[in-house]
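Only the coordinates and a few stated rules stand behind these numbers; no lab work does. From a predicted model like this one, the values you see are computed outputs, not experimental measurements. With ideal geometry, Cβ positions are generated from the backbone for all residues, glycine too; neighbour counts draw on all protein chains shown.
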Amino acid sequence: MKLARALYLSAWERQHAYPGEQALEHVRQALQDRQPLEGLDELRADLLFDSDIEVLEQLERGEWCLIRAEADYGNWVVPAPAFDQRVIALMNNPPVQASRTPRLFRLVDSITGEPLAQRHYLATVDGQTNERRTDGEGIAHLFASVEARQISMKVIGA
């Protein structure tokens, strides 16, 4: 529900306005229960004396109306179907995806044997190079296709 100035109502909102007595009862109850009511602050801003009685008088005189919540829903554009048939067909029969096998490598210092934790490295898989970083235990998580023939790694930085 919302309060709106009668002067600015659309035809659609007029159709969904509460009749006078029902509007008064709903607003009276909202004021009594201290419930929030959309438009009430705008109505109060126009009043000479900001009181609940003045609010109700604006409704009685027909200067403000109480609009049902349904009025907000009535002007919504009906969306086009979410999926066309091509999308549904792809969802029901998805194309084959290239599989990737996780490969784990522990990178360690060649002299001390300590794990190289949080270190940047270059991973080259079949000629394609990507910069990566080891985890806290020096493990390099590398995903490569099953068909990968050559993998190399080079630690970069100090």
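The slack in the chain from residue 31 to residue 112, taken as 0.36 nm per residue of separation less the alpha-carbon distance, amounts to 21.6 nm.
Computed about its Cα centre, the charge dipole of the range 2-74 is approximately 180 debye, with only Lys, Arg, Asp and Glu carrying charge at their Cβ.
Look at the dipole of the range 2-74 built from charges on Cβ: of 48, 15, 69, the Cα furthest out on the positive end belongs to 15. Our summary gives the range 2-74 a relative contact order of 58 percent, counting only alpha carbon pairs under 8 angstrom and 6 or more residues apart. Each part reduced to its alpha carbon centroid, the range 10-30 and the range 87-122 end up 62 Å apart. Convex hull of alpha carbon positions in the range 2-74: directionally averaged projected area 4.5 nm². All C-alpha pair distances within the range 100-155, sorted into 5 Å bins from zero, spread as 5, 20, 30, 24, 13, 7, 1 percent across the bins.
Placing unit charges on each Cβ (+1 for Lys and Arg, -1 for Asp and Glu) gives the chain a dipole about its Cα centre, and among 36, 91, 104 the Cα reaching farthest toward its positive end belongs to 104.
Note on the chain: helix-only mean residue ellipticity at 222 nm, from DSSP H runs of 4+ residues weighted -39500 (n - 2.57) and normalised by residue number, equals -7500 deg cm²/dmol. Here the dipole of the chain is about 1440 debye; that uses its Cα centre as origin and unit charges on the Cβ of Lys and Arg (positive) and Asp and Glu (negative).
Counting Cα-Cα pairs of the chain in 10 Å increments starting at 0 gives whole-percent bin shares of 9, 22, 11, 7, 7, 11, 19, 13, 2, 0. For the pair residue 50 and residue 96 in one chain, pulling the backbone fully straight at 0.36 nm per residue adds 9.7 nm over the alpha carbon distance. Between residue 6 and residue 124, full extension at 0.36 nm per residue minus the direct alpha carbon distance yields a gain of 35.4 nm.
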